[in-house]
1. Out of segment 157-169, which residues are in a loop (DSSP other than H, G, I, E, B) and in contact with a strand residue (DSSP E or B) (Cβ under 7 Å, 6 or more places away or on another chain)?
2. Under 24 Å from residue 181 (Cα atoms), at pLDDT 95 or above, within 14 Å of the chain's Cα centre (by Cα) and surrounded by 14 or more Cβ atoms within 10 Å (Cβ to Cβ), is that true of residue 119?
3. Can you tell which of 140, 189 is under 16 Å from residue 109 (Cβ atoms), in a strand (DSSP E or B) and free of Cβ contacts under 8 Å to residues at least 24 places away in the same chain?
4. What number of residues in segment 170-182 are assigned to a loop (DSSP other than H, G, I, E, B) and surrounded by fewer than 18 Cβ atoms within 10 Å (Cβ to Cβ)?
5. Since residue 98 meets every condition but one in (1) modelled with pLDDT of 95 or more; (2) touching a helix residue (DSSP H, G or I) at 6+ places or on another chain (Cβ under 9 Å); (3) more than 26 Å from residue 38 (Cβ to Cβ), which condition does it not meet?
6. For segment 121-137, enumerate the residues that are touching a strand residue (DSSP E or B) at 6+ places or on another chain (Cβ under 9 Å) and in contact (Cβ under 8 Å) with a residue 60 or more places away in the chain.
7. Give segment 42-63 a look and list any residue that's buried (at least 24 other Cβ atoms within 10 Å of the Cβ) and within 17 Å of residue 132 (Cα to Cα), or say none.
8. For residues that are touching a residue at least 40 places away in the same chain (Cβ under 8 Å) and under 18 Å from residue 202 (Cβ atoms), scanning just segment 64-101, find the one that is surrounded by the fewest Cβ atoms within 10 Å (Cβ to Cβ).
């Protein structure tokens, strides 16, 4: 279960500070790192950075990564593994922006589907506003093809409490288009992580 924006999930699911997803970057982060490198991007913002594993594909390609993370435990782990040069703002993505900087790339992995409708809209708007003109955003989100779709407690259309305290909104092509159509959306692909995901690309023109 991916729940990197839920501090209580972090604090109650670590034993001896074991990394619950390992240190290998997600498939989506590796794709985004290669894509951003091809585009010559330099400064990347990662809302919901977790303990930093998904920053590595960008850093290894010579980019500077800046994160936002709600869990103090995750931030401490990121510092242990990746040093203090990986800048991470402590707080919720719902309180963006944390600085006045413009970024030429934004990568947001498996986070947006954990938010409610207003928070999802604000996250997209806030990320888009922090992009340089011509900059790129890559988001991933869980698909209705996931076997967990429709399970747990119903909250609202396509949104369910999967486990206690973890609410998920499940996307299809139509809801992706609706959410990102004013944010420079130009590509929707599917990708398999631990569940079927959409990987979407936007550009600020």
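1. Our first condition is that a residue be in a loop (DSSP other than H, G, I, E, B); within segment 157-169, this holds for 157-158, 164-165.
Within segment 157-169, just 158 meets the criteria.
2. Details: under 24 Å from residue 181 (Cα atoms): yes; at pLDDT 95 or above: yes; within 14 Å of the chain's Cα centre (by Cα): yes; surrounded by 14 or more Cβ atoms within 10 Å (Cβ to Cβ): yes.
Spelling it out, residue 119 is indeed under 24 Å from residue 181 (Cα atoms), at pLDDT 95 or above, within 14 Å of the chain's Cα centre (by Cα) and surrounded by 14 or more Cβ atoms within 10 Å (Cβ to Cβ).
3. Exactly one of 140, 189 is under 16 Å from residue 109 (Cβ atoms), in a strand (DSSP E or B) and free of Cβ contacts under 8 Å to residues at least 24 places away in the same chain, namely 189.
4. The initial filter retains those residues of segment 170-182 that are assigned to a loop (DSSP other than H, G, I, E, B), namely 170, 172, 181-182.
Then drop every residue that is not surrounded by fewer than 18 Cβ atoms within 10 Å (Cβ to Cβ), which leaves 172, 181-182.
Qualifying residue count for the region: 3.
5. In the conditions (1) modelled with pLDDT of 95 or more; (2) touching a helix residue (DSSP H, G or I) at 6+ places or on another chain (Cβ under 9 Å); (3) more than 26 Å from residue 38 (Cβ to Cβ), residue 98 misses (2) alone.
6. Going residue by residue through segment 121-137, those that are touching a strand residue (DSSP E or B) at 6+ places or on another chain (Cβ under 9 Å) are 123-124, 126-128, 130-132, 134-137.
Matches in segment 121-137: 123, 127, 128, 130, 131, 132, 134, 135, 136, 137.
7. Residues of segment 42-63 buried (at least 24 other Cβ atoms within 10 Å of the Cβ): 44-52, 54-55, 57-58.
Listed by number, the residues that qualify are 44, 45, 46, 47.
8. Among residues in segment 64-101 that are touching a residue at least 40 places away in the same chain (Cβ under 8 Å) and under 18 Å from residue 202 (Cβ atoms), the one surrounded by the fewest Cβ atoms within 10 Å (Cβ to Cβ) is 96.
The values are calculated or read from the model by the stated rules, or taken from the named source; none is laboratory data. Keep in mind that what you see is a predicted model, and the values were worked out from it rather than measured. Using ideal geometry, Cβ is built from the backbone for each residue, glycine included, and neighbour counts are taken over all protein chains shown.
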